[in-house]
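The structure appears right after this line, and notes come after that.
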């Protein structure tokens, strides 16, 4: 971790160069603690000079407060950092001065031998602790309640170092026992007293310098003003700089003008509807903040759940930008698409006062991706002002102002550029380090989409801030702004203001600011959202939203289009969007590059007249022209080698998932309609599934759970007649999937390049999923009518899926389908349905091994599938799940092998493995469990040897002995069952294992009589 100011450096920076205390500190910190150096006496002198040190600290901080004017933004921050280091050390020595110590250090009478001992680790430890005051700087990323315990620990370590230091002085003969106890008690109280002294000094420092309170998060949180106006007001109140020069003023004017612009471009806004301006319409979101570590998985939801949600974004940003940490490493602002990352950088660039800050906003998609950070900054300045300015000259001209570089859209470099940017953040930190070394310290803020945050190394001391979705309060606040801006528009058009209840019914969409705007724009068309009500199915809402926006675009792009042709044009737009969605899902990604999308569009929509039915072939248009105008699609752009590169993604993943389900459902229904209308005998001709197979043979639809949910909703209103046709088509396709070669009409569609087995696996899995959506639950015997035992073909098919779908595809399928095993007469079968939740039924070994109810082997069965063979199979398969289970039962190998594969029928229709019964007894002991295991231990199994019975029976008896809840009656019952064992070598070991009963239940005649009847037992 980069170090800040040592105490001696801090004193000098605040004007204490000539202090004797500083001279002593130089001897201590700079010297090597050997007996020949003056460091040890200097250290002792520092203890005795604690009153002078405390006075010096107070004087330095007070003098700094009196002459605080005339400093640049960074100089003021640097001196505040020094002042904080001083009060951390001063508080400790002030508490030490107040402590009731028995004698001054100088009166201890050091000898040369004492000085030699002081050159050891204890003195070094105290020196190091003293010199760590600089890193005890509060951070706006850390809650005050977390900082104070850390400071207390720091003081405790210092007190312990003092204690060990004094113990090393051989003072046993110089201090009495009572004095040593007094000394120890005083040091024990030192950390608490030092913390109180620190808090008093910190409050005084914060009163003189308000930004210090923001460092520690100790400012009273006020309701955040719209568009962070309070941030600007607070920074102006503590301004120390001068008016900007002409170049800086021009840059400030360009950014300030953004406040008067609409939050988003008005391309998708209905005529007569107003979009709030940035300066009034930005509602600051909640957020989480965390110090970045190498092990911190920034893109994982579960990791962020460990950090509290905060609502003081304004206060945090003030604290960060005025803290020393801002110029040492970048602040990462992370969020989902549409969460407001870019808007936040626009706000900051406009709100930072030009007298104290020099903001430069760099939109990374508009600058050369492969250039250095400095070149990217200069490119952005020219784009904003029209002037070609070199960065060093501009930074030097900033004078009192501290540069703040806002790098917006790091994810765009990663997605669109197609080149490695894993070291980009490290290069940013090196840029900051270089600038600081040149006397031009600069703060940097980098925004990125959350999903790619782990694809670049974050430098030390980086802080990550994650924007959270809007809560109900912020949604309501945004709607108030929306309704106020459009009050006259709504009145003139006879529309009602958009009520919060109508929006909150669709919480998943409303949480993202840009999608909230989308809902508002949809409602602006005749109060459509409010008229539909909360009972609207999710698929119906998405259908209406997308059709409305597509229709609006058609009207703008093709104003002369006849009204009867509009529905077909809208459908064409939605099918293009569906191709985009499939391009992402079939590549197992959340975005798609422009070049890949162009290939998909050509393969699926490419030139030619559309044939009848569901064929997608319509005239091809460029991806940019097709998609760029929809603001619910995010277009990431970057420049590389003079070329413009782009990727596309949906602002909310469920838009793509809905479109995948929509097109799948349309293609399937069109196939069924053609079959039902065929003049040929029903079912005699193979279904034309070229398009369905092309779309569904790369990834299982279950890889995105929302796709299956949408398909279920779409299937709900289908009448029984159509449902039967759909089910018949899907069943026939599933049965023939491995025998029918793929069609060639869409052979050019290859989003991935898997082998044919993988494509067969994905397509068959998707056909089954569709069948379950349409006609579930279904029996496996319906899928494999030619087989007598359904477990065999089903297992073969499931193993194909497991081997070919990949970890994510297979896991998604397992999570989506529930399988219920049952007997159909003397045949095994399965009932499949869409999952109702986690969990699985217990294993029935009789079903597993196909043991019929009237089989003579049902009483007890042994299978030649022991732990050794199970491990060999797992070792060959390299299947993690099999490895986990085999690892769990591995201790049984070699000692209780036969217990694993011996199954016993105790009662009813279920069997249990002997090992299962024993493990269950040891983990969850019950009376029935003891009876069952004792019965197994007394049974006659041909594969079991004497040692197997001894080990099994002894474990039962040991568990019984360890159970303090056992009764004499149950103990006697277990003993009676074991007494039936008729193996000579087993008698004596079991007798010894049960002999404890005679002691615990010595007054119970039944125990004495029963234990005595165990073969080989006591008489």
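Report the semi-axes of the equivalent ellipsoid for region 439-555 in whole Å, largest first, where each axis is √(5λ) for an eigenvalue λ of the Cα gyration tensor.
36, 18, 15
How big is the gap, in Å, between the Cα center of region 800-838 and the Cα center of region 448-496?
Here the two parts' Cα centres lie 41 Å apart.
Taking the number of other C-beta atoms within 10 Å as the exposure measure, put 430, 932 in order starting with the fewest.
430, 932
Mind ordering 691-702, 468-479, 834-845, 796-807 by average Cβ neighbours within 10 Å, highest first?
691-702, 468-479, 796-807, 834-845
Only Cα pairs under 8 Å and at least 6 apart count here; give the relative contact order of region 531-605 as a rounded whole percent.
Once divided by the residue count of region 531-605, the mean separation gives 23 percent.
I need to check one value: relative contact order of region 872-938, counting alpha carbon pairs closer than 8 Å and at least 6 residues apart, in percent.
Answer for region 872-938 is 19 percent.
Mind ranking 458-465, 183-190, 73-80 by how tightly packed they are, going by the mean number of other C-beta atoms within 10 angstrom, highest first?
Most protected by this proxy first, the peptides run 73-80, 458-465, 183-190.
Could you grab the relative contact order for region 435-511? Cα pairs under 8 Å, six or more apart, rounded to a whole percent.
For region 435-511, the relative contact order is 27 percent.
When only alpha-carbon atoms count, how far does region 910-1019 stretch along each of its three principal axes, as whole angstroms with the largest first?
Cα spread of region 910-1019 along its principal axes, largest to smallest: 38, 31, 19 Å.
Starting at 0 and stepping by 10 Å, how many percent of the alpha carbon pairs of region 226-468 end up in each bin?
Bins of 10 Å from zero give 7, 32, 39, 19, 3, 0 percent of pairs.
We did not get these values from a lab; they are worked out from the coordinates using the rules stated. As the structure is a computational prediction, the values presented were derived from the model and not from experiment. Methodologically, a virtual Cβ is constructed for each residue, glycine included, from the backbone with ideal geometry; neighbour enumeration extends over all protein chains shown.
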